[in-house]
Structure formats: C-alpha cells, structure tokens
Number of protein chains: 2
Amino acid sequence: MPRGNCQGQGWWHGKFRDCGYRLTIGREAILDILSRSEGHLSAEDIYIKVHPKYPNVGLTTIYRTLDVLSNLGMVYKLDFGDGRARYELAEGPKGAHHHHHLVCTGCNSVIDYTDFIDEEVELLQQTEKGLGKKYNFKINNHVIQFYGLCGKCSVNK
Amino acid sequence: MPRGNCQGQGWWHGKFRDCGYRLTIGREAILDILSRSEGHLSAEDIYIKVHPKYPNVGLTTIYRTLDVLSNLGMVYKLDFGDGRARYELAEGPKGAHHHHHLVCTGCNSVIDYTDFIDEEVELLQQTEKGLGKKYNFKINNHVIQFYGLCGKCSVNK
DNA sequence: AGAATTAATGAAAATCATTTCCATTTATAA
DNA sequence: TTATAAATGGAAATGATTTTCATTAATTCT
C-alpha cells in the first residue's frame, strides 16, 4: 500500500504519482467519467458508464479507485440517505463548480445549489480555521446539506 | 401505515398520538435511551442499551422506530462515513444542545462542536428561507460536517 | 530492453447494515 | 371486551461494499 499523508491541493496527473499511486487505464477511465459527468454518481453508475469503453474494468476497481480518490481529496463521497454512496469530483472549495445540496427525503432527488455559496464558504472557512486550531484538527472537507420535501413530495403527503 | 405529513416542531408524548402512531413500550424505551445518552448511537448501540431492560425489543423494531422518529423530525440520522448510520435526538435548530460535527476520517472519531454555531445557524436560516422559496422546498433539517484528521491521526500518517 | 519487484486487478465469495415477510401480539376504538 | 388495525420479533432476503487470492501490469533496477 502506498505511503501516507497526501491530501494537498494540487490537480491530477502528477498527484497520483507524487503519492506513490500508479496511474492505470481504469483509474484514468474513472476520472474521465467523473470529470465529464455533472452530478452525483454511485459506484454502479460509474461502472455502467465506464464499461462500454473499458469492459475489463470491474466494479471492485471502481470502489477501490473511488476510495483512493476520496482519500486524496480529489473526490467527495456523499450520502443522500438512500443507502448508496455518491461521488463527485472535488474542485477545491474555491473551485468553479462548488455547490451544496438540497435533498428531498421524499423522492431522494437532489438539487445542487450555488446561491448563498459565497457567504457560506466564507463562514465555513473562518469556522474551519477556528475549529482546526481549537481542536487540533486538519480539516480538508466539509459537507452542507439541507433535507426536506420538494414541491411534488410535499403535495403528495 | 399511519398518515402523512407530521413534521411540525412539538415535543414527544402527544406528537406520536397526534400523528397516528401508537406509543409502545419499545418506542418509549428507545426514546428513553436516546434522551439519556449523549452522543451518536448506531441502531445496534441502541439495541444493546435497550436489551437488558427490555429483552423482547428486537433490532428490527429499533430500526423501524428510528425510521419513524426520523420522519417525525424527532431524531437526526447521521452519516459519519463508516457504513453505519448514527442517530441522535433532535431538539430543534434552536434547542439547547444543538451542535455540528467534526469527523476524523482517520479514526472515525467525532467531535461535537458548538463554537460558531450561532453564526452558522443564523446563516443557515437565511439560506433555508431563500432556498425554500426559490426551489419550492420545505426544508426541515440540515447537516454541517467538517471532515479531516484529528491530531493523533495527522501525526500517524 | 529484460528481469525483478510490487502495486493493481477481476471474479467470486464474504460481510454486514438494513429491510422485508409473515404469523403473532398489542394498543386503541367501538 | 371485542374488533380492528398497527406494531412486533425472528428468520430470511437484500444489496452495497469489502475481502481474498491468483493473475496481470506498471515501475525499477541492471
């Protein structure tokens, strides 16, 4: 198993190598899919998208790669409460597509929102700094999610 | 199955009845444990705590009850990324013990923090209002979590 | 380039939290 | 107290994720 604490803020190709991981076909395929698809993909979603082009990349590899990517901070692993993890490319808290989530507990649909993000991110950064110092924590990720009922679901209930 | 949209902001005993649920021994035992224990309990944790006093309350009932409580908004279901859900009593976003979480991705330990909560909650409330209007969403819960490495884990890696 | 080394892989099996099924019990309403 | 519908438990099913292990591929060393 490759060596430890590689959670800096770079960008891929190089990041892998720097951390002692090998850049393989499968891993590139997965990164490719992730960067091409907007959204929140489950491991199986990714498998299905990768499979046509690379039929010999197994689901196990998808899981293993997502785990690596997640540890490297290149991917966010998300939980929307439906029992399967979702993954999306991280682009750094200041990155172009940073967003938070609005999750409907009725139909499990998810809205990405970018409104209010600036204020949120600013506050989060202060908070991160304060918490990091106080609790001696090296924070490298955060999750903000709102749960509720979407228009459709709040009518149907 | 009892009827629908019972996600108001009251407090238990009564809340159950009002929503058409029956208040049974098992359910009370679970609420009792939840209100007595500070922390983030898994379904099994709760089972183990309930079992000595009420050996005939099964794990299935724990899950079912937690699901009900969660739908009623009386309990938060949390995910700290270790593959099992954790539950804690909700006391309303303005309640006495409201806190957010700092999760160590190394050892899965969790710190509850209350610093910055006021600012966070204030911002979240504005955001909730704005998002609710814009996306026609009835928001009734939020999650803020920071992920990182605790002091110990960032040394060991 | 070729051999040696070690990480990465796939397929199948194992794991493990959570759900479902169903016959029985219990809480509530009549 | 009886009728009815919800709640229960235990066993079995489910389904996402991990582990195992023999094989393959990427890197390193000559």
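For the reader, a short list of remarks on this structure follows.
- Taking the criterion of being touching a residue at least 12 places away in the same chain (Cβ under 8 Å) and away from DNA strand D (no atom under 16 Å from the Cβ), the residues of the range B:87-96 that qualify are B:88, B:89, B:90, B:92, B:93, B:94.
- Any hit, the range A:93-104, residues being part of a helix (DSSP H, G or I) and not charged (D, E, K, R): no
- If you go through the range A:50-66 and pick out every residue that is closer than 18 Å to residue B:82 by Cα and either modelled with pLDDT under 95 or of a type in the set (A, V, I, L, M, F, W, C) (or both), you end up with 1.
- Number of the condition not met by residue B:77 [criteria: (1) of a type in the set (Lys, Arg); (2) out of contact with any helix residue (DSSP H, G or I) (no Cβ under 8 Å at 6 or more places or on another chain); (3) under 25 Å from residue A:141 (Cβ atoms)]: (2)
- Taking the range B:78-127 as the range and being of a type in the set (Lys, Arg) and either away from chain A (no Cβ under 12 Å) or in contact with a Cys (Cβ under 6 Å, 6 or more places away or on another chain) (or both) as the test, only B:94 passes.
- The condition of being within 26 Å of residue B:152 (Cα to Cα) and surrounded by 14 or more Cβ atoms within 10 Å (Cβ to Cβ) holds for only one of A:127, A:105, that being A:127.
- Exactly one residue out of B:60, B:65 is within 11 Å of DNA strand C (Cβ to nearest atom) and buried (at least 16 other Cβ atoms within 10 Å of the Cβ), and it is B:65.
- Qualifying positions in the range B:65-79 - away from DNA strand D (no atom under 13 Å from the Cβ) and outside any helix (DSSP H, G or I): B:73, B:74, B:75, B:76, B:77, B:78
- Filtered residues of the range A:89-98 (kept if in contact with a helix residue (DSSP H, G or I) (Cβ under 7 Å, 6 or more places away or on another chain) and either modelled with pLDDT of 90 or more or closer than 14 Å to residue B:147 by Cβ (or both)): A:89, A:93
- Hey, residue A:85 modelled with pLDDT of 95 or more, surrounded by 19 or more Cβ atoms within 10 Å (Cβ to Cβ) and on the phi < 0 side of the Ramachandran plot or not: yes
- Output for the range A:121-157, where each listed residue is over 23 Å from residue B:81 (Cα atoms) and in contact (Cβ under 8 Å) with a residue 24 or more places away in the chain: A:149, A:150, A:152, A:153, A:154, A:156, A:157
The values are calculated or read from the model by the stated rules, or taken from the named source; none is laboratory data. This structure is a prediction, so every number in the text was calculated from the model and none was measured. All Cβ positions, glycine included, derive from the backbone under ideal geometry; neighbour counts span all protein chains shown.
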